[in-house]
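The values are calculated or read from the model by the stated rules, or taken from the named source; none is laboratory data. Worth saying up front: this structure is predicted, and the values here are computed from it rather than measured. Heads up, the Cβs are rebuilt from the backbone with ideal geometry, glycines too, and the neighbour counts pull from every protein chain shown.
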Amino acid sequence: MTEIDKRQEQTAAEEVYDESQIRILKGIEAVRVRPGMYIGTTSVRGLHHLVYEIVDNAIDEALAGYCTKIGVEILEGDVIRVTDNGRGIPTGINEETGVSTVEVVYTVLHAGGKFGDGGYKVAGGLHGVGASVVNALSEWLTVETNFDGEDLMEQRYSRGVPDYPLRPKGKSAVRGTTVTFKPDPEIFETTVFDYETLLTRLREQAFLNAGLAISLADRREGAGRHDELCYEGGIREYVKFLNEGKTPVHSEVIYVSGAKGDSMAEIAMQYTTAFNDGNIQSFANNINTTEGGMHEAGFKNALTRVVNQYARGKKLLKDSDKNLSGDDIQEGLTAVISVKLTDAQFEGQTKTKLGNSEIRTLVDGIVSDKLAAFLEENPSVARAILTKAIDASRAREAARKARESVRRKTGLESGQMPEKLQDCNERDPALCELYVVEGDSAGGSAIQGRDSRFQAILSMWGKMLNVEKARKDKIFGNDKLYPMIVALGTGIGDEFDVEKLRYHKIIIMADADVDGAHIRTLLLTFFFRYMRPLIESGYVYSAVPPLYKLIRGKTVRVAYSDEERDRVSAEMRENNPNVKIDISRFKGLGEMNPHELWETTMDPEKRTLRRITMDDALRADHIFNVLMGEEVEPRKAWIEENAQYAVNLDI
Ligand code: 1YM
């Protein structure tokens, strides 16, 4: 080769080098001009995204089986340091570009760890190709890596451009990679990291990669938080975590998994007593697929089918019953679905919807076989789940009927009043009273005994709904509560409007016995939960019917307490010990004739009303929880202690 030839060859190499240099600089420039194109946003979310990009490379190394520990630190000045104990990034010179592989990874766009083949591929977002983007958007970034188990190598960059080539930084036998970077304040709206945001995302990744130890530490001045995240149970523990504070329907989390070819799927699930729609979290290659996709569709379909098949097989559904719907079966369910696959196809608005149809088949198959087997092997768990789903189905049916009936009767808007209401003539709410009466016969007496000018009667009978244990739609569909809601005119819950109240005295008239106390408490629970301002404004009262009837010849008197009974009977005797006074106990309101009821309990001139107050809302709340909540024992104890005072139930 002549000198000229040599020269020409060298020039050609330099040109190639220059060309690729220019391409790289153009790439960095492009990222800095349009950061949103690469990380979605330059808001605080985009800022945190930088950390996830670097951490994701370390997690990929864990997925490949070489890394067991990842450390994330927030340093002074909101500098981030990420460390892993993986193989280190290859440090040799890359033939094509003439620079180290490390430099290529950190400067060439779309040149992630997917060099050549042989490695697993993880698609989605910038996974594995994000290092150069993070570098371009950082004021400075350093990589330290030990690839050969001997030499620690380092390189520093400023806004994506190398300060110097990869160079040695001492000897070390410990492999791994440390990346430290300071996000560029010229790019981001804020460069202050939020510990909780990072913690949430890192915890999620720790759950998804069972056994991987991830630590997070805040080393900024005045901070000092530190969390170690490592879950041997993986997504099982994730479900437990999501269900914290809820009451599980079955104690163990159900876990099923399977694989086909390069794809694998695992599902963890547990039912709680909650009435909310299912909380189904799905992931593909550790990316949260918030838009769902094939894995979620496969799960939901198979779950619905398996649960219905089980219910039919065990005759928990009658032949005439309709199938349980997906919504019924998902009520109160918490599930985590995690799939890993090669060439994941991400679709949808935010590219978080999994499009691979083979995954649907895989997940469907796992749930069909393994969940069905689980239900067969665990009949008590199966029964608990089925009870929950059948309850949900009934509630939904009731709600549907209620909506239809509302539409039919055109309810609130039309002003049409329920049949159970005997309204008064007066229209000024301030002058009107509504007696809510337990029992049909008492209702009949009240209707006849009342002053119909201003007293309205609403009869209720039978066991009332315990609203604390019911779904909101069930309440609206309830045959006892619905007429009352319409009669009061206010609506319930969010729609409650006290201005529309039709009576300024709502008087609960129930028997002076335990059953009466029960119905009163149930009604108060309803007011407390769904019409609280009624109690707060002092519109709710309890009627006080007499306990005793005393007769001497043609003289009849009543007494409201034991003390009064003794006093009245002494008065009637008029110091004459031989006089016979006939004392009887009123067994119920229904025993009183209309005149007696008016005289003793309804006549505003003579009656006693107890106003239900809310002086201590917290105390009331507690009592309602004890009386109406899930736990049976405290309720029993309370009722046993307080039954005798039931008539004085002042809440
Ligand atoms: C704190 C961030 O990036 N760790 C890391 C990155 C790589 C490897 C190991 C790695 C990957 C492969 C082979 C491969 C990367 N290597 C590359 C590339 N931690 C962090 N740990 N050997 C080592 O994917 O085949 C890109 S990322 F391209 F050089 F292979």
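I need every pair where a residue in segment 243-268 that is among the polar types (S, T, N, Q) has its Cβ under 7 Å from the Cβ of a residue that is not in a strand (DSSP E or B), sequence separation at least 6 or different chains.
T247/T273; T247/E630; S257/I366; S263/L341; S263/E358; S263/I359; S263/L362
For E76, are the conditions met, namely being touching a residue at least 24 places away in the same chain (Cβ under 8 Å) and within 16 Å of the ligand (Cβ to nearest atom)?
Against the criterion (touching a residue at least 24 places away in the same chain (Cβ under 8 Å) and within 16 Å of the ligand (Cβ to nearest atom)), E76 does not qualify.
What do you reckon, is A217 touching a Cys at 6+ places or on another chain (Cβ under 8 Å) and surrounded by 13 or more Cβ atoms within 10 Å (Cβ to Cβ)?
Here the answer is no, as A217 does not meet what is asked.
Mind counting the residues in segment 344-370 that are touching a strand residue (DSSP E or B) at 6+ places or on another chain (Cβ under 6 Å) and not basic (K, R)?
Total satisfying the criteria: 8.
Among the residues of segment 255-291, which ones are at pLDDT 95 or above and among the acidic types (D, E)?
Selection gives E266 alone.
Suppose the filter is touching a helix residue (DSSP H, G or I) at 6+ places or on another chain (Cβ under 8 Å) and surrounded by fewer than 18 Cβ atoms within 10 Å (Cβ to Cβ); does T289 pass it?
Here the answer is no, as T289 does not meet what is asked.
Determine if segment 65-81 includes at least one residue that is modelled with pLDDT of 90 or more, at negative phi, in a helix (DSSP H, G or I) and not aliphatic (A, V, I, L, M).
No: zero hits.
Among V239, V174, which is the only one that is crowded, with 21+ Cβ neighbours inside 10 Å, touching a strand residue (DSSP E or B) at 6+ places or on another chain (Cβ under 8 Å) and not polar (S, T, N, Q)?
Among V239, V174, only V239 is crowded, with 21+ Cβ neighbours inside 10 Å, touching a strand residue (DSSP E or B) at 6+ places or on another chain (Cβ under 8 Å) and not polar (S, T, N, Q).
Across segment 153-180, what is the total count of residues that are closer than 19 Å to V31 by Cβ and touching a Lys or Arg at 6+ places or on another chain (Cβ under 8 Å)?
Selection size over segment 153-180: 6.
Looking at V339, is it buried (at least 22 other Cβ atoms within 10 Å of the Cβ), out of contact with any Pro (no Cβ under 7 Å at 6 or more places or on another chain) and part of a helix (DSSP H, G or I)?
No: the conditions fail for V339.
Pull up segment 264-285, narrow it to residues that are hydroxyl-bearing (S, T, Y) and either in contact with an Asp or Glu (Cβ under 7 Å, 6 or more places away or on another chain) or part of a loop (DSSP other than H, G, I, E, B) (or both), then point me to the one that is surrounded by the most Cβ atoms within 10 Å (Cβ to Cβ).
S282
List pairs: first in segment 164-184 and more than 23 Å from V55 (Cα to Cα), second within 10 Å of the ligand (Cβ to nearest atom) and assigned to a loop (DSSP other than H, G, I, E, B), Cβ under 7 Å, 6+ apart or cross-chain?
Going by the 7 Å Cβ cut-off, there are no qualifying pairs.
So that you can scan it fast, the table gives a plain yes or no per residue for (1) at pLDDT 95 or above; (2) under 36 Å from the mean Cα position of the chain (by Cα); (3) buried (at least 22 other Cβ atoms within 10 Å of the Cβ):
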{"position": "G40", "(1), (2), (3)": "no, yes, no"}
{"position": "A58", "(1), (2), (3)": "yes, yes, yes"}
{"position": "D84", "(1), (2), (3)": "yes, yes, yes"}
{"position": "E96", "(1), (2), (3)": "no, no, no"}
{"position": "H127", "(1), (2), (3)": "no, yes, yes"}
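Please work out which one of (1) at pLDDT 85 or above; (2) surrounded by fewer than 21 Cβ atoms within 10 Å (Cβ to Cβ) is the condition H518 fails and give its number.
All conditions are met except number (1).
Looking at (1) without any contact (Cβ under 8 Å) to a residue 12 or more places away in the chain; (2) more than 16 Å from the ligand (Cβ to nearest atom), can you tell me which one L47 breaks?
Result: L47 fails condition (1) only.
Return the only residue of G92, G88, G71 being in contact with a helix residue (DSSP H, G or I) (Cβ under 8 Å, 6 or more places away or on another chain), within 11 Å of the ligand (Cβ to nearest atom) and small (G, A, S).
Of G92, G88, G71, the one residue that is in contact with a helix residue (DSSP H, G or I) (Cβ under 8 Å, 6 or more places away or on another chain), within 11 Å of the ligand (Cβ to nearest atom) and small (G, A, S) is G92.
Quick test for you: out of E196, E237, E221, E244, pick the one residue that is at pLDDT below 95 and assigned to a helix (DSSP H, G or I).
After applying the criteria, what remains is E196.
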